[in-house]
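Q: Just passing along the structure, written as structure tokens.
What follows is calculated from the coordinates using simple rules that are stated; it is not laboratory data. Values in this document were obtained by computation on a predicted structure and should not be read as measured data. Note: ideal-geometry Cβ built from the backbone for every residue, glycine included; neighbour counts use all protein chains shown.
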Amino acid sequence: MSIAVTTKRIQWRLHAGWVAGLVVSYLLLLSAISHLNNPYRFLESFYEYRILPRYGAEFVAVVLPFLHIAISLCLIAGHEPASTFAVGCCLFLLYAGARVFTLVQGIEVDCGCFGGIVAAESKSLVGSTSIGLAAFSAFLCLFGWWASSKPTQKL
């Protein structure tokens, strides 16, 4: 395999990782803006999960939108993309796990992903959609992590 082919593959990986980062950043920024736009609705949906005590839920509800913004900016700027993708993947897996936990417990809540921007007819539909979105986003983060980690090795 020639050096030119290897260089093109490395460039493809880096570009594909950046595009995956843009998609993840879009979802995170949309979520963060909707939560900052209506923090009481976000806090209410967070309480409905019944996972954390009151003060823990309030702390997470305050910090989470800013964590979304920080991850998005790092992905867009390309700052430590492998680490940022890993943090994003953990975050999305945590979201999917929390959603599965509530469904198993029989708690029907709006996922709160986008702060009530999108109205849903059925909460069970929202449950499966939000788990799917979190799993898809985690997959994108895994792909971005793969694409941005050790791009100088031969493929």
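Q: If neighbour count is taken as other Cβ atoms inside 10 Å, put Arg50, Arg13, Arg41, Arg99 in order from fewest to most.
A: Working: Arg50 13, Arg13 19, Arg41 16, Arg99 25.
Sorted ascending by nearby Cβ count, the order is Arg50, Arg41, Arg13, Arg99.
Q: Let's see if you can work this out: charge +1 on each Lys and Arg Cβ, -1 on each Asp and Glu Cβ, no other charges. What is the dipole magnitude of region 3-145 about its Cα centre, in debye to the nearest 20? All intermediate terms of the calculation are to be shown ahead of the outcome.
A: Values: 8 positive and 7 negative charges, 92 e Å.
Using only the charged Cβ atoms, the result is roughly 440 debye.
Q: With θ set to phi - 60°, apply the Karplus curve 6.51 cos²θ - 1.76 cosθ + 1.60 along region 95-105 and write out the HN-Hα couplings as whole Hz, x wherever there is a Gly or Pro.
A: Coupling constants for region 95-105: 4, 5, x, 5, 5, 5, 4, 5, 5, 5, 6 Hz.
Q: Where the centre of each part is set by its Cα atoms, how far does region 48-62 sit from region 16-31, in angstrom?
A: Between the Cα centres of region 48-62 and region 16-31 lies a distance of 26 Å.
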